[in-house]
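Written below as structure tokens is the structure these notes are about.
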Amino acid sequence: MLIPVLLFIVGLLCLIKGGDWFVDGATGIARRFHVPELLIGATVVSIGTTLPEVMVSTTSALTGHGEIAYGNAIGSIICNASLIAALTIAVKPGKVDPKSLRTPVLFFFVAAAFYAGVAYTTGYFSRPVGLILLAMFAAYIICNVMAMKNAPAPEEEEEPEENASFAKELGLLAVGAVLIAVGANLLVDNGTLIAQALGVPESVIALTFVALGTSLPELVTAITSLAKGHGALSLGNVIGANVFNLVLVSGVSATVAPFTIPQNSMLFGHNASLVLEFPVMFAVMLLLTLPALFKGRLSRPQGIALLCIYAAFCVVQFTI
């Protein structure tokens, strides 16, 4: 039991460092070619921080553990909104620009409605469903590029450092991707062993520990943004990452290895995924985004409420 736990921790560390290096390499390349900073954050950074979820869910689906593929995507959304963004808001609430959030929020709820519709009607995420989700991902990227293409690059943009060579940036990108792949394998394999040893359903492990572990890049981004006084940047990254969790993470997983929603957890005589996880996902995203869209600001009580929802969610997961 000790070895799987240690390897699980090693997997998490590989994911964290791999995601960090991948983002550093990608942003370095983007800046080298004078891509606007806002576009980097809306696309490259969000994709980079979502790569752990992509790798974990895809690996899980390919190895026949669809519960982890499904639970990791939904669990990461709940974790991002009600823990990571909530911590940022609770510590330092502030104003946000509603216009910058409209596209990601709209895409999230459209994708979430489609995703939930599939879950409630068939419960089976087939290859065509995965392709539709990937098409949504492509549309989201295109919309972001079109929205940002007229945004001018900074007038005095810093030139890449001498030591930060193009080869080094490519190396960070490649090594980061390898670490993410290795970490994902360790996380899935040993997370499954731990779940089996404890008698805990794989879906519960995926919705809590694995989801939290693969959301650590977003947590690091949130803390860094908060320390630099850019709380709105953290919020945008969380919402963008949640869009990717639905359309990219689940899209890739369902396309390469279709899966069904977990059937082993029941609540009030019904599938827990349908009566707990989806309602919580919609609730936390509504609580997170509506005040920002309509009032243009975030409040400390809002962050505390989200943290309470996350705590209650975790408690219920381990009692059903």
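For the range 308-320, the set of residues classified as hydrophobic (A, V, I, L, M, F, W, C) and open to solvent by 50 Å² or more (accessible area, probe 1.4 Å) consists of C308, I309, A311, A312, V315, F318, I320, listed by residue number. Among all positions in the range 88-102, there is at least one residue which is at pLDDT 85 or above and open to solvent by less than 70 Å² (accessible area, probe 1.4 Å). For the range 264-313, the candidate set comprises residues that are touching a residue at least 60 places away in the same chain (Cβ under 8 Å) and part of a loop (DSSP other than H, G, I, E, B); within that set, the residue that is farthest from L83 (Cα to Cα) is N264.
The set of residues from the range 103-138 being in a helix (DSSP H, G or I), open to solvent by less than 30 Å² (accessible area, probe 1.4 Å) and of a type in the set (A, V, I, L, M, F, W, C) comprises V105, F108, A111, A112, A116, V118, A119, V129, L133.
The values are calculated or read from the model by the stated rules, or taken from the named source; none is laboratory data. These numbers were taken from a predicted model, which means no experiment stands behind them. Reconstructed Cβ throughout: ideal geometry from the backbone, glycine too, with neighbour counts over all protein chains shown. Just so you know, the surface numbers come from the protein's heavy atoms only, side chains and all, with ligands and any DNA or RNA stripped out. Shrake-Rupley method; radii C 1.70, N 1.55, O 1.52, S 1.80 Å.
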